[in-house]
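Here the structure comes first, spelled out in structure tokens, and everything after it is commentary.
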Amino acid sequence: MSVSAQTKAPSSPQRPGVPVRRSFFHALRFRESYCAWIFIAPALIGFFTFYLMPAFRALYISLTDWNLLRVPKFIGPSNFSKLWNDPNFWSSMKVTVLYVLYNIPIQTVIGLLLAVLLARLRRSVILRSVILAPYLISNVIVAIIWFWMLDPLLGFGNAVLQWIGIGRIPFFSDQQLALPTIAVVNIWRHMGLTALLFYTGIQAIPKDVYEAARIEGAGPWRSFFGITLPLIRPTMVFVLVTSIIGSFQVFDTIAVTTVGGPNYATRTIVWYIYENGFVNFRMGYASALSCALFLCLAIVTLVQMRILRSGQSDLG
């Protein structure tokens, strides 16, 4: 046997059941990876073009003074210092948080109850279609319909209230009722989607778990709180995270109905960003407000996922 063959280190055999670790670039050489990248390429291109690049662009603009007509002037973090001392910013954030508190609990509870109803009436396709129908309508059209229905003079809703003796109520023009009314409109539109998501989570629960609970003498309420709620926690996390992010970004309903009024009672943070950017032409400050909103949403999302233990599942 030659010396080179004796000195050559023996290759260590791979243990069965232990996956071989390959680098990211090494995986690209496999034929299956080419197919995967072809399928996800449109989504990646859209993400980089319409999300990532505008985000970095907004971050740069937030460090400038720009009125959309002249070349942006770099001013550093001055916009963020101004933001911190801006009472209108904190007022709009307060209105936004109040809207979230109006919207999310009621929408989540109604969606969960509708999901349980759908689970009991599994063959009712018509019921599922009716519940989901409001979400299929454009949010602007929904806002216009409700704005006309609740008009204090010509609205059908106020005509019914007057007929039963309550009297006409200026829902969208009353400072105390405008924000809750907008919340009700958006709850009505989105509760069908929330119910459908919860219904999907309930359908994933094994039926044997309910059968065992029924044998042990558990009633409907005990099964709901002891089985359904814990086992749909991943769905609950998804619904709460997406619903809260969407509620922080409410804009179109306000633009159609109250335009931030009355007396700034519905001026949310997104509406305040719109005012600064496209009404007052302070695009740099509006971009700084957008960055602050992004940071708030990131913190809120991380807190929710940590509290609700999004990375764990109760389904064994």
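Given 0.36 nm per residue, what is the gain on full extension from Leu59 to Ser129 after removing their alpha carbon distance, in nm?
Working: separation 70, 0.36 × 70 = 25.20 nm, distance 4.22 nm.
Result for the pair: 21.0 nm of gain on full extension.
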Computed over the chain: longest principal axis from alpha-carbon atoms vs helix 178-203 long axis, angle to nearest 10 degrees, is 30
Once Lys and Arg are counted +1 and Asp and Glu -1 for all other residues with Cβ under 11 Å from that of Tyr285, the total becomes -1
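So which GluC sites (Glu not before Pro) in segment 208-316 are both in a DSSP loop and have at most 16 other Cβ atoms within 10 Å of their Cβ?
Glu216
Once the Cβ-Cβ distance between Leu68 and Ala255 is put in as r, and R0 is 25 Å, what FRET efficiency do you end up with, to the nearest 0.05?
Working: r = 20 Å, r/R0 = 0.78.
Computed FRET efficiency for Leu68 and Ala255: 0.80.
Please list the equivalent ellipsoid semi-axes of segment 108-161, computed as the square roots of five times the alpha-carbon gyration tensor eigenvalues, in descending order and whole angstrom. Please report the intermediate quantities before stating the final value.
Values: eigenvalues 169, 34, 21 Å².
With the √(5λ) rule applied to segment 108-161, the semi-axes are 29, 13, 10 Å.
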With only helices counted (DSSP H, runs n ≥ 4, each -39500 (n - 2.57)), the per-residue ellipticity at 222 nm for the chain, to the nearest 500, works out to -19500 deg cm²/dmol
Answer check: segment 75-150, Cα atoms, Kirkwood Rh, Rg/Rh ratio of 1.22
Scaled by the rule-of-thumb 2.2 N^0.38 Å, the alpha carbon Rg for the chain gives a ratio of 1.37
Across all Cα atoms of segment 209-289, Rg and the largest Cα-Cα distance (Dmax), in Å, are 22.1, 67
Here, Leu121 and Leu295, labelled 7 Å along Cα→Cβ, have an inter-label distance in nm of 4.9
Nearest 10, in degrees from 0 to 90: the angle of helix 139-149 to the longest Cα principal axis of the chain is 20
Counting only backbone N atoms under 18 Å from a point 7 Å out along Cα-to-Cβ of Ile141, the residues of segment 174-203 in range are 185-193
Contour minus Cα-Cα span, Val109 to Asn263, at 0.36 nm per residue, comes to 52.3 nm
Hits in segment 252-280: amide N under 19 Å from the 7 Å Cα→Cβ extension of Ile75, namely 272-280
If each K or R counts +1 and each D or E counts -1, the residues other than Lys82 whose Cβ falls under 14 Å of its Cβ total -1
Filtering trypsin sites (Lys or Arg not before Pro) in segment 97-160 by DSSP loop and by at most 12 other Cβ atoms within 10 Å leaves Arg122, Arg123
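Each reported figure results from applying straightforward, stated rules to the coordinates on display, with no laboratory input. It should be emphasised that the depicted structure is a prediction, and the values quoted were computed from it without experimental measurement. When we count neighbours, we look across all protein chains shown, and the Cβ atoms used for this are built from the backbone with ideal geometry, even at glycine.
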